[in-house]
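**Q** This is the structure, below, for whatever I ask next.
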Amino acid sequence: MQTQVVIVGGGPSGLLLSQLLHVRGIDSIVLERKTKDYVLGRIRAGVLEQGLLGLMAEAGVDARMKAEGLRHDGTLISYGDETFRIDFAKLTGTPVMVYGQTEVTRDLYAAREAADGVIEFNVENVAIHGADTDTPSVTYEVGGDARRIDCDFVAGCDGFHGVSRQTIPLDLRTEYEKVYPFGWLGILSETPPVSHELIYANSERGFALCSMRNDNLSRYYIQCSMSDRPKDWTDEAFWQELKRRIPRDRAEQLVTGPSIEKSIAPLRSFVTEPMRWGRLFLCGDAAHIVPPTGAKGLNTAASDVHYLYTGLRQFYETGNSEGIDSYSDRALARVWKAERFSWWFSSLMHRYPDQSPFDLRMQQAELAFLRSNAAAQQAMAENYVGLPY
Ligand code: RFL
Ligand code: PHB
């Protein structure tokens, strides 16, 4: 088989890239290790930045998001007995959109299928060959059948555990990592959200987040120990703990119900450099991970897709390789800013096992500063709604 771009990974990065290339007449084949239902069953991101919304419009997949997404003009932050609001619309003129990653992915699958795009599911043993030559290829197996695709470029959109990053020789890449000493226990429940806007809470019992997917689907998280397992937490225990961590008036209004999903996510900051090796380009979680505080993961994946799509388009339309040559530098410049914001917001909102009384005072002082200082709120809002591409 032959195509212009082989895309390894059929998560949001891979599908968005494939659909954007298709709109510009560039062919791709997507290789996905799991089934479509499995990919759609992963409950992940909920908050989309304007940049991603713009890419969805360009890809022709924004109709349902526009009709069903929830526009959020601000967010609430609580600590101790204080709750304050960061007004994104007033500070930046830009809202964010609450629309689940599951829905983004579903819309992208629908668009790829409508365009007869090729997506191979259940692929095994994907291997990328000749990435540092002008004639790369990708081999894989489906149901025991060995296949090979020759291509111009390979996009590694296969997430943190994929093969693409590992394909770049160890001596050519540098990895930066920070693992946080706690996780997030998240549940999804068919109950009305406790607040119109997200609540990020720093309580003495640890962090909590009240989020949502729609008017009758709530997403809540609490900071938990890394040794906890979802089955250790009954729904009842989760709701009790959440109520202790959010402002009292909200806790009294909280509508509880059975969870329809319950999982624990570790918190990690990770970046690999460079994001390109010859004709192989890493995109999204394959190249970087942020802790979820601040909702930057999917949005940063989208900015990578933007830089790569722009570079590939320029190459195919004009023969100029400037965009693909500068891909890694451009993507990383924005990645590191998202890493900084996610690390800062995580550090501000969580209780650390080894936090000293001094560290705690620093956290409280920083929260008090953010609550009362216009410049601090401005910086927070600009980062939250997404820095420009
Ligand atoms: P994905 O989604 O991991 O998709 C990669 C795909 O590649 C496939 N794959 C392979 N395919 C072929 N061959 C192989 N060898 C393969 N290895 C892997 C996988 O099966 C998978 O389908 O990466 P992608 O596309 O880069 O997307 C990244 C986002 O999923 C991620 O950044 C976000 O979900 C992070 N995130 C959030 N991001 C936000 O922007 N806003 C949020 O509100 C937000 N909340 C979250 C989050 C992530 C969370 N978890 C569980 C990590 C909340 C949580 C709890
Ligand atoms: C979510 O709704 O899943 C969500 C929202 C905001 C975050 C992280 C996750 O910062």
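The values are calculated or read from the model by the stated rules, or taken from the named source; none is laboratory data. Note that this is a predicted model, so its numbers are computed, not measured. Here the Cβ is made from the backbone with ideal geometry for all residues, glycine too, and neighbour counts use every protein chain on show. Each accessible area value is taken on the protein alone, full model and side chains, heavy atoms only, with ligands, DNA and RNA left out. Shrake-Rupley method; radii C 1.70, N 1.55, O 1.52, S 1.80 Å.
**Q** Could you check, for the stretch 146-153, whether at least one of its residues is of a type in the set (A, V, I, L, M, F, W, C) and open to solvent by 30 Å² or more (accessible area, probe 1.4 Å)? Working first, answer last.
**A** Kept after step one, since they are of a type in the set (A, V, I, L, M, F, W, C), are these residues of the stretch 146-153: 146, 149, 151, 153.
Add one more test, that the residue is open to solvent by 30 Å² or more (accessible area, probe 1.4 Å), and what stays is 146.
So far as the stretch 146-153 goes, yes, one or more of its residues are of a type in the set (A, V, I, L, M, F, W, C) and open to solvent by 30 Å² or more (accessible area, probe 1.4 Å).
**Q** In addition: Quick check on this structure: which one of Ala57, Ala89, Ala63, Ala114 is more than 23 Å from the chain's Cα centre (by Cα) and of a type in the set (Gly, Ala, Ser)?
**A** Values: Ala57 fails: more than 23 Å from the chain's Cα centre (by Cα); Ala89 fails: more than 23 Å from the chain's Cα centre (by Cα); Ala63 fails: more than 23 Å from the chain's Cα centre (by Cα).
Among Ala57, Ala89, Ala63, Ala114, only Ala114 is more than 23 Å from the chain's Cα centre (by Cα) and of a type in the set (Gly, Ala, Ser).
**Q** Being open to solvent by less than 10 Å² (accessible area, probe 1.4 Å), away from ligand 1 (no atom under 13 Å from the Cβ) and modelled with pLDDT of 95 or more narrows it down to one residue among Ile86, Ile7; which is it? Steps first, answer last, please.
**A** Values: Ile7 fails: away from ligand 1 (no atom under 13 Å from the Cβ).
On inspection, the qualifying residue turns out to be Ile86.
**Q** OK, next. So which residues in the stretch 189-230 are within 14 Å of ligand 1 (Cβ to nearest atom), in contact with a helix residue (DSSP H, G or I) (Cβ under 7 Å, 6 or more places away or on another chain) and either open to solvent by 40 Å² or more (accessible area, probe 1.4 Å) or aromatic (Phe, Trp, Tyr) (or both), if there are any at all?
**A** Those that are within 14 Å of ligand 1 (Cβ to nearest atom), in contact with a helix residue (DSSP H, G or I) (Cβ under 7 Å, 6 or more places away or on another chain) and either open to solvent by 40 Å² or more (accessible area, probe 1.4 Å) or aromatic (Phe, Trp, Tyr) (or both): Tyr200, Phe207, Tyr220.
**Q** Could you list all residues from the stretch 270-291 that are more than 14 Å from ligand 2 (Cβ to nearest atom) and open to solvent by less than 20 Å² (accessible area, probe 1.4 Å)? Outline the logic, then answer.
**A** Residues of the stretch 270-291 that are more than 14 Å from ligand 2 (Cβ to nearest atom), as a first pass: 270-288.
Within the stretch 270-291, Phe270, Val271, Thr272, Met275, Leu280, Phe281, Leu282, Cys283, Gly284, Ala286, Ala287, His288 qualify.
**Q** State all residues of the stretch 51-69 that are surrounded by fewer than 16 Cβ atoms within 10 Å (Cβ to Cβ) and under 23 Å from Ser211 (Cβ atoms); if no residue qualifies, say none.
**A** Correct list: Gly54, Arg64, Lys66, Ala67, Glu68.
**Q** Keeping to the stretch 297-308, report how many residues are among the hydrophobic types (A, V, I, L, M, F, W, C) and either within 13 Å of ligand 2 (Cβ to nearest atom) or modelled with pLDDT under 95 (or both). Please lay out each step first, then the result.
**A** Kept after step one, since they are among the hydrophobic types (A, V, I, L, M, F, W, C), are these residues of the stretch 297-308: 298, 301-302, 305, 308.
Right, trim to either within 13 Å of ligand 2 (Cβ to nearest atom) or modelled with pLDDT under 95 (or both) and you get 298.
Number satisfying all stated conditions: 1.
**Q** Inside the stretch 10-35, can you point out the residues that are surrounded by fewer than 22 Cβ atoms within 10 Å (Cβ to Cβ) and within 14 Å of ligand 1 (Cβ to nearest atom)?
**A** Ile29, Lys34, Thr35
**Q** Can you tell me which residue is farthest from ligand 2 (Cβ to nearest atom) among those in the stretch 115-134 that are in a strand (DSSP E or B) and open to solvent by 50 Å² or more (accessible area, probe 1.4 Å)?
**A** Of everything passing the filter in the stretch 115-134, His129 is farthest from ligand 2 (Cβ to nearest atom).
**Q** Looking at the stretch 30-89 only, could you name the residues that are more than 25 Å from Gly10 (Cβ to Cβ) and in contact with a Phe, Trp or Tyr (Cβ under 8 Å, 6 or more places away or on another chain)?
**A** Answer for the stretch 30-89, where residues must be more than 25 Å from Gly10 (Cβ to Cβ) and in contact with a Phe, Trp or Tyr (Cβ under 8 Å, 6 or more places away or on another chain): Leu70, His72, Asp73, Gly74, Thr75, Leu76, Ile77, Ser78, Ile86, Phe88.
**Q** As an exercise: evaluate Tyr38 against (1) at pLDDT 95 or above; (2) within 13 Å of ligand 1 (Cβ to nearest atom); (3) open to solvent by 30 Å² or more (accessible area, probe 1.4 Å) and give the number of the one condition it does not meet.
**A** Of the numbered conditions (1) at pLDDT 95 or above; (2) within 13 Å of ligand 1 (Cβ to nearest atom); (3) open to solvent by 30 Å² or more (accessible area, probe 1.4 Å), the odd one out for Tyr38 is (1).
**Q** Output the helices (runs of 4 or more DSSP H) that fall wholly within the stretch 1-106 and possess 3 or more residues being closer than 21 Å to Ala265 by Cβ, or say none. Steps first, please.
**A** Details: elements: 12-23, 36-41, 50-58, 63-68, 88-92.
By residue number, 12-23, 36-41.
**Q** Among the residues of the stretch 301-360, which ones are of a type in the set (Phe, Trp, Tyr) and open to solvent by less than 50 Å² (accessible area, probe 1.4 Å)?
**A** Just the residues of the stretch 301-360 that are of a type in the set (Phe, Trp, Tyr), to begin with: 307, 309, 315-316, 327, 336, 341, 343-345, 352, 358.
Hits for the stretch 301-360 are Tyr307, Tyr309, Tyr327, Phe341, Trp344, Phe345, Tyr352.
**Q** Here is a further query. Step by step: first the residues of the stretch 231-267, then only those that are away from ligand 1 (no atom under 16 Å from the Cβ) and among the hydroxyl-bearing types (Ser, Thr, Tyr), then the one that is least open to solvent (accessible area, probe 1.4 Å). Which residue is that? Spell out the reasoning first.
**A** Taking the stretch 231-267 first, the residues away from ligand 1 (no atom under 16 Å from the Cβ) are 231-232, 234-237, 239-241, 243-258.
Filter once more, so that each one left must be among the hydroxyl-bearing types (Ser, Thr, Tyr): 234, 256.
Details: Thr234: 81, Thr256: 63 Å².
Restricting to residues being away from ligand 1 (no atom under 16 Å from the Cβ) and among the hydroxyl-bearing types (Ser, Thr, Tyr), the top hit is Thr256.
**Q** Could you check Gly294 against (1) out of contact with any helix residue (DSSP H, G or I) (no Cβ under 9 Å at 6 or more places or on another chain); (2) within 16 Å of ligand 2 (Cβ to nearest atom) and say which number it fails?
**A** (1)
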